[in-house]
1. Compare the Cα positions of Met71, Ser52, Gln14 along the charge dipole of the chain (+1 at Cβ of Lys, Arg; -1 at Cβ of Asp, Glu; about the Cα centre) and return the one farthest towards the positive end.
2. Of all alpha-carbon pairs in the range 29-71, indicate the percentage at a distance above 14 angstrom.
3. I need the P(r) histogram for the range 1-51: all alpha carbon pairs, bin width 5 Å from 0 out to the longest distance, whole percents.
4. Using the alpha carbons of the range 80-130, what is the convex hull volume per residue in cubic angstrom, as a whole number?
5. Normalised radius of gyration for the chain, please: alpha carbon Rg relative to 2.2 N^0.38 Å, two decimal places.
6. Please give every one of the lysines within straight-line cross-link reach of Lys129, meaning a C-alpha to C-alpha distance under 20 Å, and leave out same-chain neighbours fewer than 8 residues apart.
7. Only residues of the range 41-63 count here: report those whose backbone N is under 15 Å from the spot 7 Å along Cα→Cβ of Val3, or say none.
Amino acid sequence: MGVLDDVAAKLGGQQGQDGGLASLQKLFSSNGGLKGMTSKLTNSGLGQQVQSWVGTGENKPVSGQQVQQVMDPGQVHAMARQAGMTDEECCEQVARAMPEMVNHATPQGKVPETDPFAKGLDSLKKMLKL
């Protein structure tokens with residue numbers, strides 16, 4: 001099981017992987033999609049990390065604490081509650097998934113014009129190879 005499979009299963013709580021993937025999709029969508037999320041993270045001091053995910057080299061990690069500082073606390077709390085974990089644990093899981101999700105969404109080394117997180121869960125699963 002890969003990182004994304006594992007994270008999606010944990011964030012899905014009783015709903016399993018699809019529930020977790022839907023939560024991650026909602027997180028991206030509610031933050032302006034891929035473009036909005038990468039801009040938000042970049043503007044919050046995580047530009048080097050984001051650039052490594054979009055580019056073709058190794059993905060630099062982010063911490064759960066960094067994710068928690070950037071994300072809406074209400075949204076984090078709702079996702080955590082659904083998954084049956086603390087806000088901090090939820091942010092750790094999102095921090096594990098985010099580099100790989102952005103990396104898969106930007107295979108050409110740039111943010112695509114069409115937001116891959118707006119195409120629905122099945123499309124997202126194909127993109128992430130889940």
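1. The one lying farthest along the dipole's positive direction is Ser52.
2. 46
3. Using 5 Å bins, I get a P(r) of 5, 22, 19, 17, 21, 13, 3, 0 for the range 1-51.
4. Taking the convex hull of the Cα positions in the range 80-130, it is 96 Å³ per residue.
5. Rounded to two decimals, the normalised Rg is 0.95.
6. By straight Cα distance, Lys129 reaches Lys10, Lys26, Lys110, Lys119.
7. Output list for this probe position: 49-63.
Any read-out appearing in this document is the output of simple, stated calculations on the displayed coordinates, not a laboratory observation. Quantities reported herein were computed from a predicted structural model and do not represent experimental measurements. For neighbour counting, all protein chains shown are included, and Cβ atoms are generated from backbone atoms with ideal geometry for every residue, glycine included.
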